[in-house]
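In what follows, a structure is listed as structure tokens, so that the remarks can point back to it.
The values are calculated or read from the model by the stated rules, or taken from the named source; none is laboratory data. Bear in mind the structure is a predicted one, so any value in this text is a computation, not a measurement. Glycine gets a Cβ as well: all are built from the backbone with ideal geometry, and neighbour counts include every protein chain shown. The accessibility values were calculated without ligands, DNA or RNA, using every heavy atom of the protein model including side chains. Shrake-Rupley method; radii C 1.70, N 1.55, O 1.52, S 1.80 Å.
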Amino acid sequence: MAPKISVLLPVYNAASFIGESIQSILDQTESDFELLIIDDCSTDNSFQIIESFQDPRIILHKKKLNSGYTESLNWGIDQARGKYIARMDADDVSLPQRFEKQLLFLEKNQHIAMCGTDAIVKGSNLKFNYPCEPEAIQANLLLGSSLIHPSILGRAEIFKAHKYNIAKEPAEDYDLFTRLAASGIQLANLEEPLLIYRVHTNQISKVQNQKQIGSAQQSMLRMFKLFEYDRIQYSDETVLSYIWPTRSINRGQLKAGLVFFEQLKNSKHPFTKKEVLKVIRIKRYNLFKAYVKQMNFGTIKASFLALRLLGLSHWRQILKLSY
């Protein structure tokens, strides 16, 4: 008989945490699951620790070649027999009622394909504060990933139909979420923290930071393409320079960027007006910060200079920040 949930747990050199991570899954109050553990040729004693667990729900797969985190996830998706698929990372801990509460939510909300949860963060002052409602999540994806990847649980057919894009690792989660949202598939979050999320120096996201940024930029661009703006006037490269200003910009670029965001407010898009205004305020502010960085004097002086250069109307736009 097929289990209700298939849990995907990729592992690579996680001996310090993997035991606690596995135990947190085995201790779930919703016990109808299979735990697919995919070891990516660990060189520490992770595999031995995994083997020490004697539970028939564990299916351990040791890969012959180290081929990466995302390939492990796609292997797990292919093997999964459950109606739902849940994610878990080797360095995190799921609180006991995580699966029970996520299943209850998805059973009650058949229009939702996938839900995440909030998390207690260890090793950092990081706070996710992601929105919970589908409409707010869709808009928040204009700013960045809006579900905590190891906290998600979703309908298996969605995972099997879309899978992860190996080329987008280590921002494969943001890529998946934006692909789903852009196609009209609804995502949600539970407000309650049901995961303990660890932040440490060996995390994939820290090790491959620059590659992650490049992948995330393309996912963000995908979401902004849901606005109906002039594709000839605004090339992908130009739009990226406005929505993800990675270097200092000059006065002309700042003014052009502000005009672009003003046009977005009045263009056709699938987002709610309230959420769009919030996103645009944040993006304007980030653009202004990039402009100030190229000045060789204090922020206050730069601000007054910007007031003179940009004019009062643009300055008022910058000051209209939601937070």
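Among the numbered criteria (1) open to solvent by less than 10 Å² (accessible area, probe 1.4 Å); (2) within 18 Å of residue 151 (Cα to Cα); (3) touching a Lys or Arg at 6+ places or on another chain (Cβ under 6 Å), which single criterion is violated by residue 32?
Every condition holds for residue 32 apart from (1).
Output the qualifying pairs, or none if there are none: Cβ atoms under 6 angstrom, residues six or more apart or on different chains, first residue in region 101-120 and closer than 13 Å to residue 185 by Cβ and in contact (Cβ under 8 Å) with a residue 60 or more places away in the chain, second residue aromatic (Phe, Trp, Tyr) and assigned to a helix (DSSP H, G or I).
115/105
Can you tell me which of 132, 115, 41 is of a type outside the set (Ser, Thr, Tyr), open to solvent by less than 70 Å² (accessible area, probe 1.4 Å) and assigned to a strand (DSSP E or B)?
115
For the condition open to solvent by less than 60 Å² (accessible area, probe 1.4 Å), under 23 Å from residue 24 (Cβ atoms), hydroxyl-bearing (Ser, Thr, Tyr) and within 16 Å of the chain's Cα centre (by Cα), what is the one hit in 151, 219?
Being open to solvent by less than 60 Å² (accessible area, probe 1.4 Å), under 23 Å from residue 24 (Cβ atoms), hydroxyl-bearing (Ser, Thr, Tyr) and within 16 Å of the chain's Cα centre (by Cα) holds for just one of 151, 219, which is 151.
For the structure I just gave you, tell me whether residue 253 is outside any loop (DSSP other than H, G, I, E, B), under 25 Å from residue 138 (Cβ atoms) and not charged (D, E, K, R).
No: the conditions fail for residue 253.
Residues to consider are 226, 287; find the one that is within 27 Å of residue 146 (Cα to Cα), at pLDDT 95 or above and either in contact with a Ser or Thr (Cβ under 8 Å, 6 or more places away or on another chain) or not charged (D, E, K, R) (or both).
226
Taking into account only those residues within region 44-62 that are among the β-branched types (Val, Ile, Thr) and in a strand (DSSP E or B), which is nearest to residue 93 (Cα to Cα)?
Selected residue: 58.
Residue 65 is checked against (1) among the aliphatic types (A, V, I, L, M); (2) open to solvent by less than 20 Å² (accessible area, probe 1.4 Å); (3) in a loop (DSSP other than H, G, I, E, B) and fails just one. What number does that condition carry?
Failing condition for residue 65: (2).
Residue 124 versus (1) open to solvent by 10 Å² or more (accessible area, probe 1.4 Å); (2) closer than 27 Å to residue 283 by Cβ; (3) touching a residue at least 60 places away in the same chain (Cβ under 8 Å); (4) not in a loop (DSSP other than H, G, I, E, B): which is the lone unmet condition?
Evaluating residue 124 over (1) open to solvent by 10 Å² or more (accessible area, probe 1.4 Å); (2) closer than 27 Å to residue 283 by Cβ; (3) touching a residue at least 60 places away in the same chain (Cβ under 8 Å); (4) not in a loop (DSSP other than H, G, I, E, B) leaves (4) as the failure.
What are the residue pairs meeting all of these: first residue in region 63-92, first residue within 22 Å of residue 168 (Cα to Cα) and polar (S, T, N, Q), second residue part of a helix (DSSP H, G or I) and open to solvent by 60 Å² or more (accessible area, probe 1.4 Å), Cβ atoms under 8 Å, and 6 or more apart or on different chains?
70/166; 74/166
Given the conditions (1) more than 22 Å from residue 217 (Cα to Cα); (2) open to solvent by less than 10 Å² (accessible area, probe 1.4 Å), report the number of the one that residue 141 does not fulfil.
The number of the failed condition is (1).
Please work out which one of (1) over 22 Å from the mean Cα position of the chain (by Cα); (2) closer than 19 Å to residue 197 by Cα; (3) not charged (D, E, K, R) is the condition residue 79 fails and give its number.
(2)
For residue 224, state whether it is under 19 Å from residue 115 (Cβ atoms) and crowded, with 19+ Cβ neighbours inside 10 Å.
no
Can you pull out the residues in region 1-29 that are open to solvent by 60 Å² or more (accessible area, probe 1.4 Å) and of a type in the set (Ser, Thr, Tyr)?
The answer is 12, 16, 29.
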